[in-house]
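The values are calculated or read from the model by the stated rules, or taken from the named source; none is laboratory data. Because the structure is a prediction, the values reported are computed rather than measured. All Cβ positions, even for glycine, are placed from backbone atoms using ideal geometry, and neighbour counts span all protein chains on display.
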Amino acid sequence: MTTDMEFAYTPRLAELRQQAQALAAVIAKYEDECEQGNGLGPDAHQAIREAVLAAGLQAINVPVRWGGAGLSVLEQVVVQDSLGSLTNALWDTVWRPANPLLACTPSQRERYLIPAVRGERRDAVAITEETAGSDPSAVRTTAVKDGDGYRITGNKWFVTVGDVADFLIVLAVAGPGDAPTLFLVDRDAPGVSIVRTPRYTHTFVYEHPEFAFDHVRVGPDAVLGGVGQGYELTRGWFTEERLMIAARTIGAADLLALLHRFPNVVLWLNGHTHTNAIRPRRDPADPARGFWEVTTCAVVDWPCQTRVVEILDHGEYLSIVTTMVDHDTPTGAASLETTDDLAALHRELAANIPWGTATLAGTPRDRNVELRVIPPFPLGRLSGADS
Ligand SMILES: Cc1cc2nc3c(=O)[nH]c(=O)nc-3n(C[C@H](O)[C@H](O)[C@H](O)COP(=O)(O)OP(=O)(O)OC[C@H]3O[C@@H](n4cnc5c(N)ncnc54)[C@H](O)[C@@H]3O)c2cc1C
């Protein structure tokens, strides 16, 4: 028996995708500011917060009864896919409290989960340590019994959102039995400090600082989900986070949508497609705008297949002149006995035969042509270019 799998979006999923894309379009307006400032100011954060709440996409992983959007895992994936198209990790401004918080007691819920769902508080998760990454069972941070509470001591690395979070979910081994346990620790508790904020090769709206916990005193009500439940809850968090990362990478792969967001893109030189082609890429939202996509046969593998691209400033318009650089060995060599024969074969394999039988080579319009675009910004010489 065979069963067909149904991959089409249901009306509900299509609606969610539309909502998430609309929200992403609002947040995308902050990409430049974030890129230039390595983060956003309070006004931008406030505007995004309002947009998230208006879209109803706050805390999509938290049940509706606690104020979240209460989406299923599949629905969350659809939302994250759309948000993944945002650069600078701006998807992280659409807050999703860490799922261990679903294990809050009623009073913890009032103090942490519900304000986090509303976007009034922000959590960060502190599991990883210098010698405990893939294997959290190597965690050395301790929570030593102190009266009815604990004193937490240790260092945590890669605490994403740690720069703005006002509480942390910390994995430590607790009590005499070293039971892996999560603790809710307020950022301003005495003994909590940021040791350093390393720079990363990505630009991210938040930071990933390293934290030190120096005998931080917490009460018994700081235990999240029960003593000894730390690994189980951590596994649940990593599982959800990794799944959502995967979903966002699908959205991030929508390069065309990304390029349309930047009005200064006039040309997309899209190499290594094994096809010579030139096509206009009109912005679906504004067909008067757009850019040219120029693809080439594999330049690196086949250096005989080179395309020169020049951009000329004519004031009112820009000319993008593309020229193929060919060698002109006659193709169709009968044998492979001479160097000319080998060159001919090379040319054939590289689809480097103008308007021949190989469709990959493209027509004259795909090879040597002048493309015009309206300059998207005032042009000027680079200072010192004349000297
Ligand atoms: C951008 C970013 C954000 C992060 N945010 C957070 C956060 O908010 N909170 C938090 O607690 N942590 C966070 N982390 C840490 C992240 O969870 C760890 O980086 C991850 O668990 C891997 O640990 P590690 O970097 O120490 O690598 P390691 O564990 O040292 O692994 C290094 C390499 O060895 C491989 N490896 C490890 N063990 C094995 C094995 N047994 N068999 C085969 N191969 C193995 C791994 O796959 C990897 O390729 C973040 C990391 C990054 C990069």
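A compact table of results
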item	result
Selection from region 182-237 of residues that are under 21 Å from Asp135 (Cα atoms) and exposed (fewer than 13 other Cβ atoms within 10 Å of the Cβ)	Arg235
Qualifying residues in region 135-148 (those that are in a loop (DSSP other than H, G, I, E, B) and among the charged types (D, E, K, R)) - the one nearest to the ligand (Cβ to nearest atom)	Asp135
Selection status of Asn270, touching a residue at least 40 places away in the same chain (Cβ under 8 Å), outside the structural domain of Leu101 (by TED's automatic domain parsing), surrounded by fewer than 18 Cβ atoms within 10 Å (Cβ to Cβ) and more than 16 Å from the ligand (Cβ to nearest atom)	no
Hits in region 290-328 - residues which are crowded, with 16+ Cβ neighbours inside 10 Å and at pLDDT 80 or above	Gly290, Phe291, Trp292, Glu293, Val294, Thr295, Arg307, Leu318, Ile320, Thr322, Met324
Complete set of residues in region 95-110 that are more than 16 Å from the ligand (Cβ to nearest atom) and touching a residue at least 40 places away in the same chain (Cβ under 8 Å)	Leu102, Ala103, Cys104, Thr105, Ser107, Gln108, Arg109
Single residue of region 223-282 satisfying the filter (modelled with pLDDT under 95 and at positive phi) that is farthest from the chain's Cα centre (by Cα)	His274
Residue check for Tyr200: under 17 Å from Gly39 (Cβ atoms) and of a type in the set (Phe, Trp, Tyr)	yes
Criterion (without any contact (Cβ under 8 Å) to a residue 60 or more places away in the chain and of a type outside the set (A, V, I, L, M, F, W, C)) met by exactly one of Arg217, Arg196	Arg196
Subset tally (residues that are part of a strand (DSSP E or B) and either without any contact (Cβ under 8 Å) to a residue 12 or more places away in the chain or of a type outside the set (Gly, Ala, Ser) (or both)) for region 154-190	15
Among (1) outside any loop (DSSP other than H, G, I, E, B); (2) within 13 Å of the ligand (Cβ to nearest atom) - the single one Tyr200 does not satisfy	(1)
Test for Arg151: is it of a type in the set (Lys, Arg), in contact (Cβ under 8 Å) with a residue 12 or more places away in the chain, away from the ligand (no atom under 16 Å from the Cβ) and assigned by TED's automatic domain parsing to the domain that holds Gln46	yes
Qualifying residues in region 166-179 (those that are crowded, with 23+ Cβ neighbours inside 10 Å and closer than 15 Å to Gly228 by Cα) - the one nearest to the chain's Cα centre (by Cα)	Ile169
Subset of region 1-28 (residues that are surrounded by 14 or more Cβ atoms within 10 Å (Cβ to Cβ) and of a type in the set (D, E, K, R))	Arg17
Selection status of Thr131, polar (S, T, N, Q), near the ligand (Cβ under 9 Å from one of its atoms), assigned by TED's automatic domain parsing to the domain that holds Gly236 and out of contact with any strand residue (DSSP E or B) (no Cβ under 8 Å at 6 or more places or on another chain)	yes
